[in-house]
Amino acid sequence: MSRIVITGAAGAGKTTLLLALRARGYPIVGDSARTIIQDRRRRGLSPRPDPYAFAREMLRMDIENFVHHAASPGLIFFERGVLDALCGLDRVTPLKESELSMWLSKYQYFPKVFVLPPWKTIYVNDAERDHTFQHAEAVNRIVQEWYRRCGYQVLEVPMVSVDERCAFVLRALANTHT
């Protein structure tokens, strides 16, 4: 599997880590949630539609990104992915186990998922990130539980410099990637 998920709560440094990986020559796929919020703001709408519509739109975009990069050789890093959108859907309208199994078999990522935990020192609000730090902590717990439920190994990326975070991710992949 060459599709690597970098996930976690808002403001944990995912985008910064992905940009550093891109600077090292790795292809990346950005966050669909941020794209949706930016588009809605440009159109003069509220940042987010209702939770169900938001999760459905993220799922649509994440599936599109997954399919677009399906044949890409080598590693490709995703800022969140189909499973994050499914987590959002499941929170609004719980998925049946059979539905979840279908999604999991169709959209498979590398078995190790990298989670960036909330980090108060670097957490800032911006136009797209308008939740509290406490919300970020709750999202972190939910995301980690979700990925474990889905059968993924969750690796928490340490709160260190961006270069050290890159090294951590690449080392973990080198130890298992074939």
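The values are calculated or read from the model by the stated rules, or taken from the named source; none is laboratory data. Not measured: the values here are computed from a predicted model. Note: ideal-geometry Cβ built from the backbone for every residue, glycine included; neighbour counts use all protein chains shown. Each accessible area value is taken on the protein alone, full model and side chains, heavy atoms only, with ligands, DNA and RNA left out. Shrake-Rupley method; radii C 1.70, N 1.55, O 1.52, S 1.80 Å.
Observations
- Surface listing: R56, R148, R48 arranged by accessible area from highest to lowest gives R148, R56, R48, probe 1.4 Å.
- About the centre of its Cα atoms, region 92-178 shows a dipole size close to 300 debye [charges on the beta carbon of Lys, Arg (+1) and Asp, Glu (-1) only; nearest 20 debye].
- Proximal aspartates and glutamates relative to K120, as straight alpha-carbon distance under 14 Å, when same-chain residues fewer than 8 apart are discounted: E137
- Listed residues S46, V143, T15: farthest to the positive end of the dipole of region 1-143 (Cβ charges): T15
- Cα gyration tensor shape for the chain, rounded if a/c is under 1.5, else prolate or oblate: rounded
- With contacts taken as Cα pairs under 8 Å and at least 6 residues apart, the chain reaches a relative contact order of 35 percent.
- Placing +1 on each Lys and Arg Cβ and -1 on each Asp and Glu Cβ, with no other charges, gives region 53-140 a dipole about its Cα centre of roughly 200 debye.
- Net charge dipole size for the chain [Lys, Arg +1 and Asp, Glu -1 on Cβ; Debye, nearest 20]: 160
- GNM top mover of R43, R60, R80 - the chain, alpha-carbon springs below 10 Å: R43
- If the Kirkwood radius is taken over C-alpha pairs of region 103-162, then at 20 °C and 1.002 mPa s the Stokes-Einstein diffusion coefficient equals 163 µm²/s.
- Calculated mean residue ellipticity at 222 nm for the chain: -16000 deg cm²/dmol, from DSSP H runs with n ≥ 4 weighted as -39500 (n - 2.57), summed, divided by the residue count and rounded to 500.
- Overall, the accessible surface of the chain at a probe of 1.4 angstrom is composed of carbon and sulfur to the extent of 54 percent.
- Per-residue accessible area (protein heavy atoms, 1.4 Å probe) orders V162, V169 as V162, V169, starting from the largest.
- Result for the chain in a Gaussian network model with C-alpha springs under 10 Å: among G151, G11, G30, the largest mean-square fluctuation is at G151.
- Solvent-accessible surface (1.4 angstrom probe) belonging to F66, in square angstrom, nearest 10: 10
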